[in-house]
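One structure is given here, and the rest of the page talks about it.
The values are calculated or read from the model by the stated rules, or taken from the named source; none is laboratory data. Quantities reported herein were computed from a predicted structural model and do not represent experimental measurements. A quick note on method: Cβ atoms are made from the backbone with ideal geometry, for glycine too, and the neighbour counts reach across all protein chains shown.
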Amino acid sequence: MSKYKWTFASVGGTTRVRIHSGEDIRHLGELDKKMWTVLSCPVNGLEISADSLSLIDFDGDGKLRVKEVVGTANWLCATLKKADSLLEQRDEIALENIADESILAVAKKIAGKKKSISLADVQATLDAITVEEQPIPAAPLEADVIAAYKEKQAEFAAYFEQEKLQKLGLAVIPEDAAKPGMTKAKWDAMGKQIADWEAAKAAAETANADAWAAAKAEYMPLRKLLLLHRDFYRLLRNFVTFEDFYDGNDATIASFQAGTLIIDQRACHLCIRVNDLPKHDVQAPLSGIYLIYCDCESKKLGKKMQIVAAMTQGEVKNLAVGKNAIFYDNEGNDYDATVTKIIDNPISIRQAFWTPYRKLGNWITEKINKSAAEKDAAVMSDVTTKIETKAEGGEAAQKPAFDIAKFAGIFAAIGMALGMIGTALVSVAKGLSGFTWWQYIVLFVAILLVISGPSMIMAWLKLRRRNLAPVLNANGWAVNSDALISVIFGRTLTEQVAFPVVKLPKVKKGLKAWHKWCIAIGVIVILALGAWGIYAYTHRNVQPEQVEANADTTAVETIEIDEAIEAEEDAE
């Protein structure tokens, strides 16, 4: 257990160690590996100098691991007097800060009277070095002849071997076999001539490379120091912690962020190069992020790449496979981008509310298109069949006679179904007729929640768990902790278009203000009267108690009238 006192902070919703001093870097080897955010990552695809990364990759396997990062930290802290200067991420070092005597001597030799040494100074010195190179021998034959020999070498060697066996009666060469235009002796002589030239050329090139390496050898440790002095702390902020990713500073980007994708009036800043697409098919859906995969090509640069962009704001109605966009790398170069794949995950609660209706609309559209296509195919098939039949002189198959009993049963079934539907609608209408105005609003909201509620709940749960780690793992990273993307942080990763407020042109004034107020009040009164009329109509029936009371009163009055009539008749 390390006795060094580390500082911890919440970075991206996860507790992580803070590397914010030279002493932290000096004790990096004491940090528990379980606390590292990343355990390994590929050298390719990082937005850090490839020269610097190759210096950290000791074994040259294309991967950066914890032991290599710790080894580099130890070397830097031993070479520098004050490791705090690494936090400045500059390619210039004060001479008084160099602890290694041999490196300091070279630095003083280059710097002269200056008190600091920069990477540009070292590079200028390297460019000025001259070496007496061994001459490269001239090719014995023309380049196209040598290329043709190499192309046919295996084929003609097999032919000469077959020819040898044929002379012994052990094989027969097919007549259509390709034959050399020379004897085996001449062919072998040409091969020896080319082989001797290639060996001499390789020897001269190796000697020259060794001469250049020897001439530059004394400057390489200083160059290594300057490169790592500039880039090592940035690597730590993207390896031990993810501070560059969660910094929120527009000028700071993570080492895996390749650029910006402009698509559908949005700028997606979280774009990552894709190293292994099949692995993304397995890992990326676990991230819970709406991901857009694109093929990018720059004809000007002659480069191609695949990227995956995270969409964390807006709607998805216009996003589909085949859509074109523009990708800008971190150097400002533009690439033509085409969407090749989309992993559909929630973007926001608002987008999730409309998801069921969007899916229903897509399903209905698909069914209508499918039905129309089937009917069109059936009509075309029927027409072509009739035409072919008439062309062949035959008669089209006659339609079966109309079966009235069969269709009567069908119409009866349809009528019964319509009757049941009508009864159900009447029942629903009667049930709703007793509602007050505010109950209609509650019912409408309840229906919306029943339809969109599950989608919104699932979106809320997924948005809380959006994790970049599966995407990086698909690229060959060994991410040791979560890299969560909250809703608030996600808004910084996708920038939506923001148009300025447009002032409308001045027009002549129409109605006066009090006219507009009178019209508005009149409309409100009409709507209120209409609502009152609907309410009165739906509640036009009196209560049952009143009906019974009215019925009893009417019966009593009827009896009294009858008795009066009978009394008049008796009197007469």
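May I ask you to say which residue of 78, 73, 120, 107 is assigned to a helix (DSSP H, G or I), touching a residue at least 12 places away in the same chain (Cβ under 8 Å) and touching a Lys or Arg at 6+ places or on another chain (Cβ under 8 Å)? Spell out the reasoning first.
Values: 78 fails: touching a Lys or Arg at 6+ places or on another chain (Cβ under 8 Å); 120 fails: touching a Lys or Arg at 6+ places or on another chain (Cβ under 8 Å); 107 fails: touching a Lys or Arg at 6+ places or on another chain (Cβ under 8 Å).
Among 78, 73, 120, 107, only 73 is assigned to a helix (DSSP H, G or I), touching a residue at least 12 places away in the same chain (Cβ under 8 Å) and touching a Lys or Arg at 6+ places or on another chain (Cβ under 8 Å).
Go through 268, 296 for me and flag whichever is crowded, with 20+ Cβ neighbours inside 10 Å and either free of Cβ contacts under 8 Å to residues at least 60 places away in the same chain or basic (Lys, Arg) (or both).
After ruling out the rest, the residue left standing is 296.
Which members of the stretch 86-104 meet the condition of being β-branched (Val, Ile, Thr) and part of a helix (DSSP H, G or I)?
Within the stretch 86-104, just 103 meets the criteria.
For the list (1) modelled with pLDDT under 95; (2) of a type in the set (A, V, I, L, M, F, W, C); (3) within 33 Å of the chain's Cα centre (by Cα), I need the number of the one condition that residue 6 fails.
(3)
Within the stretch 94-108, can one find any residue that is charged (D, E, K, R), within 16 Å of residue 21 (Cα to Cα) and in contact with a helix residue (DSSP H, G or I) (Cβ under 8 Å, 6 or more places away or on another chain)? Reasoning before the result, please.
Applying the first criterion (charged (D, E, K, R)) to the stretch 94-108 yields 96, 100-101, 108.
Those still in the list that are within 16 Å of residue 21 (Cα to Cα) too: none.
Within the stretch 94-108, none of the residues are charged (D, E, K, R), within 16 Å of residue 21 (Cα to Cα) and in contact with a helix residue (DSSP H, G or I) (Cβ under 8 Å, 6 or more places away or on another chain).
Of a type outside the set (Asp, Glu) and either surrounded by fewer than 12 Cβ atoms within 10 Å (Cβ to Cβ) or touching a residue at least 40 places away in the same chain (Cβ under 8 Å) (or both): does that describe residue 171?
When the stated conditions are applied, residue 171 does not pass them.
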